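K.L.:
Dropping the structure in here first, questions after.
All of the numbers you see were taken from the coordinates with simple rules; none came from a lab. Note that the structure is a prediction, hence the values are computed from the model and not measured. Cβ sites come from the backbone with ideal geometry, for glycine too, and all protein chains shown count toward neighbours.
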Amino acid sequence: MTKFGVLIFTFLSTVAVAQRVIPLYPGAIPNSITGTNEETGETDAVANVSIPTLTIFLPSNENAAKRTAVIICPGGGYGSLVLEREGYTIAKAFSEMGIAAFVLKYRLPNDKRMKNRGSGALQDAQQAIKQIRLMASEFKLDSNKIGMVGFSAGGHLVSSAGTHFNEVLIENKTNISLRPNFMILVYPVISFIDSLVHKGSMNNLLGPLPSTASIMYFSNELQVTRTTPPAFLVHAADDIWVPVGNSIKFFEALQKNGVPAELHIYSKGNHGFLTYPLPEEWMGRCKNWMKANNFIGNE
């Protein structure tokens with residue numbers, strides 16, 4: 001096993017310890033309905049999130065001039081957040097690669113907690129990009145190398161951020177770019193159309209009777225343009241929850257629009273990659289892609 005593989009294995013065997021947790025918004029949370037904080041659950045099944053935060057994992061390369069950063073969006077079907085396995089553990093692995101990692105605990109759609117259930121999570125994704133660009137000097141970040149990593153429904157959120165960044169949903173008086181520089185999508189939900197849809201994610205985000213316009217808007221393979229960020233996609237062919245066609249359709253849309261993209265499909269692994277492929281396998285490929293596209297150096 002490579003040194004990188006040993007590191008990943010170690011992280012999966014221990015509880016990741018964050019360096020700092022900060023509120024996502026410095027002031028009032030937009031699109032929020034005042035009420036009791038009803039957040040519940042453990043780190044791999046956190047539900048009813050109404051107060052978004054960023055959990056920060058900084059690499060040890062303190063002398064680095066400017067670091068790459070990733071914002072990590074765990075999955076959970078927009079009904080919960082898998083914060084440990086798809087958040088903190090992955091953030092630790094990125095930090096060991098010399099990359100600053102920020103785990104986004106984004107709001108989960110709910111009519112009790114937000115005025116517009118469909119826009120809350122995307123607002124949080126845009127705010128995370130804005131906030132991290134504002135903190136670039138503090139954390140020695142390269143503001144032109146801030147990407148997003150999304151798992152499952154978190155992948156839908158990342159692909160939404162990457163295709164809807166021109167529609168500003170937050171206060172942004174200084175016009176900070178809300179476009180992620182790259183996307184890493186791991187067994188992502190992409191489409192809400194026909195056989196590709198993960199109905200749980202769609203219903204949680206848009207409600208039980210979504211309009212056709214909302215379905216099309218959040219079917220992100222239909223929203224790709226030439227300005228969509230480059231993407232690395234990984235999926236399992238035997239995924240019974242989120243069909244691999246989600247990644248294939250998004251990859252095809254990126255290619256059609258001339259956006260650099262790389263897609264890896266494993267024959268097995270189902271949803272969640274619980275036993276295969278191992279993290280060092282797909283993250284090793286991801287690291288090579290980041291190097292090839294100059295998002296990180298060759299250290």
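K.L.:
Below 8 Å, C-alpha to C-alpha, sequence gap of six or more: please give me the relative contact order for the range 113-175 in percent.
P.N.:
42
K.L.:
If the cut-off is 28 Å between C-alpha atoms, which lysines fall inside it for Lys112, apart from same-chain ones fewer than 8 positions away?
P.N.:
Candidates past the 8-residue exclusion: Lys130, Lys199.
K.L.:
Related question: Working from the alpha-carbon coordinates of the range 198-259, get Rg over Rh, Rh being the Kirkwood radius.
P.N.:
1.00
K.L.:
Expected output is a single nm value to one decimal: the length gained when fully extending between Gln255 and Ala28, i.e. 0.36 nm times separation in residues minus the C-alpha distance. What is it?
P.N.:
Value of the extension gain: 77.7 nm.
K.L.:
Under a 5 Å amide H to amide H cut-off, with H placed in plane at 1.01 Å, what residues pair with Met183 once short-range neighbours are removed?
P.N.:
Distant-sequence amide H within range of Met183: Met148, Ala231, Phe232.
K.L.:
What whole number of Å gives the distance from the Cα centroid of the range 184-244 to the Cα centroid of the range 40-71?
P.N.:
24
K.L.:
Right, something else. Defining a contact as two alpha carbons under 8 Å apart and six or more residues distant in sequence, what relative contact order in percent does the range 160-299 show?
P.N.:
Normalised by residue count, the contact order of the range 160-299 is 23 percent.
K.L.:
Size of the dipole of the chain about the Cα centre, Lys and Arg at +1 and Asp and Glu at -1 on the beta carbon, nothing else charged, in debye to 20? All intermediate terms of the calculation are to be shown ahead of the outcome.
P.N.:
Working: 26 positive and 23 negative charges, 130 e Å.
Computed about the Cα centre, the dipole is about 620 debye.
K.L.:
Taking 45 Å as R0, compute the FRET efficiency from the Cβ-Cβ separation of Ala65 and Asp111 and round it to 0.05.
P.N.:
0.45
K.L.:
Which of Ile56, Ile99, Ile176 ends up with the largest GNM mean-square fluctuation for the chain, with Cα atoms connected below 10 Å?
P.N.:
Looking only at Ile56, Ile99, Ile176, the largest GNM fluctuation is found for Ile176.
K.L.:
Compute the distance in nm between two label points, each set 7 Å from the Cα along the Cα-to-Cβ direction, one at Glu167 and one at Asn37.
P.N.:
3.1
K.L.:
If you average over every viewing direction, what projected area does the convex hull of the Cα atoms of the range 32-130 give, in nm²?
P.N.:
Averaging across all directions leaves 6.5 nm² for the Cα convex hull.
K.L.:
Continuing with the same structure: For the chain, with a Gaussian network of springs between Cα atoms less than 10 Å apart, report the residue from Ser191, Ser247, Ser177 with the top mean-square fluctuation.
P.N.:
Ser177
K.L.:
Continuing with the same structure: What do you get for Rg/Rh over the range 107-234 if you use C-alpha atoms and the Kirkwood form of Rh?
P.N.:
On the way: Rg = 14.6 Å, Rh = 15.1 Å.
Rg divided by Rh gives 0.97.
K.L.:
Let me ask another. By how many nm would the segment from Ala213 to Leu134 grow when fully extended, if each residue of separation counts as 0.36 nm and the alpha-carbon distance is taken off?
P.N.:
Length gained between Ala213 and Leu134: 25.1 nm.
K.L.:
Could I ask something else about it? Which length gain, in nm to one decimal place, applies between Thr225 and Thr174 when the Cα-Cα distance is subtracted from 0.36 nm times their residue separation?
P.N.:
Between Thr225 and Thr174, full extension yields 15.9 nm more.
K.L.:
Once you mark the trypsin sites (Lys or Arg not before Pro) that are in a DSSP loop and have at most 10 other Cβ atoms within 10 Å, what is the longest gap between them in the chain?
P.N.:
Within the chain, the longest run free of exposed trypsin sites (Lys or Arg not before Pro) spans 1-172.
K.L.:
In whole percent, what relative contact order does the chain give with Cα contacts below 8 Å and a gap of six or more residues?
P.N.:
Dividing the mean separation by the residue count of the chain yields 15 percent.
K.L.:
Working from the alpha-carbon coordinates of the chain, get Rg over Rh, Rh being the Kirkwood radius.
P.N.:
0.93
K.L.:
Continuing with the same structure: Of the peptides 39-52, 152-165, how do they stack up when ordered by the mean number of other Cβ atoms within 10 Å, highest first?
P.N.:
On the way: 39-52: 16.1, 152-165: 27.7.
My ranking of the peptides, most packed first, is 152-165, 39-52.
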